[in-house]
1. Of the residues that make up region 111-123, is at least one open to solvent by less than 80 Å² (accessible area, probe 1.4 Å), assigned to a loop (DSSP other than H, G, I, E, B) and of a type outside the set (Lys, Arg)?
2. Pull up region 138-170, narrow it to residues that are in contact (Cβ under 8 Å) with a residue 60 or more places away in the chain and touching a strand residue (DSSP E or B) at 6+ places or on another chain (Cβ under 6 Å), then point me to the one that is least open to solvent (accessible area, probe 1.4 Å).
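The values are calculated or read from the model by the stated rules, or taken from the named source; none is laboratory data. Being a predicted model, the structure only gives us computed values, none of them experimental. Here the Cβ is made from the backbone with ideal geometry for all residues, glycine too, and neighbour counts use every protein chain on show. Remember, those area values only see protein heavy atoms, side chains included, never the ligands or the DNA or RNA. Shrake-Rupley method; radii C 1.70, N 1.55, O 1.52, S 1.80 Å.
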Amino acid sequence: MATLLAGIRAADKGQLAVSEEDGRFLRVLVGAIGARQVLEIGTASGYSAIWIGMGLRQTGGKLVTIEFDPVRAKEAAANIQRAGLSDIVQVIAGDAFKEVPKVAGQFDLVFLDAWKPDYKKFFEMVFPRVTPGGLFLAHNVINKKNDMLDFLSLIDTHPQALTITVSPGHEGISMTYKTRK
């Protein structure tokens, strides 16, 4: 698995994948909270989906990951298959604003790593479907902070949100815990 992950990162010319540290963090977090239903918005080449999938292999959970670019979605599905995680990770190619409403159920964990100016809209659409006690994570909240100021303000003031920012790598991840009201 380490060789596959290193190869995906090496081929990532657009630097769309999370850092290895962020990937490890996602895997640990999935296991630590016992996540079973996970949504990822912004798959790129599947690097973070593989890390999340490895955690879900331990919890018995499933990941639905949505990628806007059909070429990257196809690449992600191939990488996930090579990782032996096709039974855990479902890749959907399409516009997440149209695809997320088609995904059934609630989510224990959401990982958002898409177009930064849309973070607020994604949060407003998905956070009502996060289970109480669940987490909504957003990537790049330090290095691309200025592209999502409206989102950052919302997660700091939302009445059901308790948020902290962590930085296992250098990009920053906001962790928003959904309170039980």
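1. Within region 111-123, one or more residues are open to solvent by less than 80 Å² (accessible area, probe 1.4 Å), assigned to a loop (DSSP other than H, G, I, E, B) and of a type outside the set (Lys, Arg).
2. Once the filter is applied, the top-ranked residue is HIS139.
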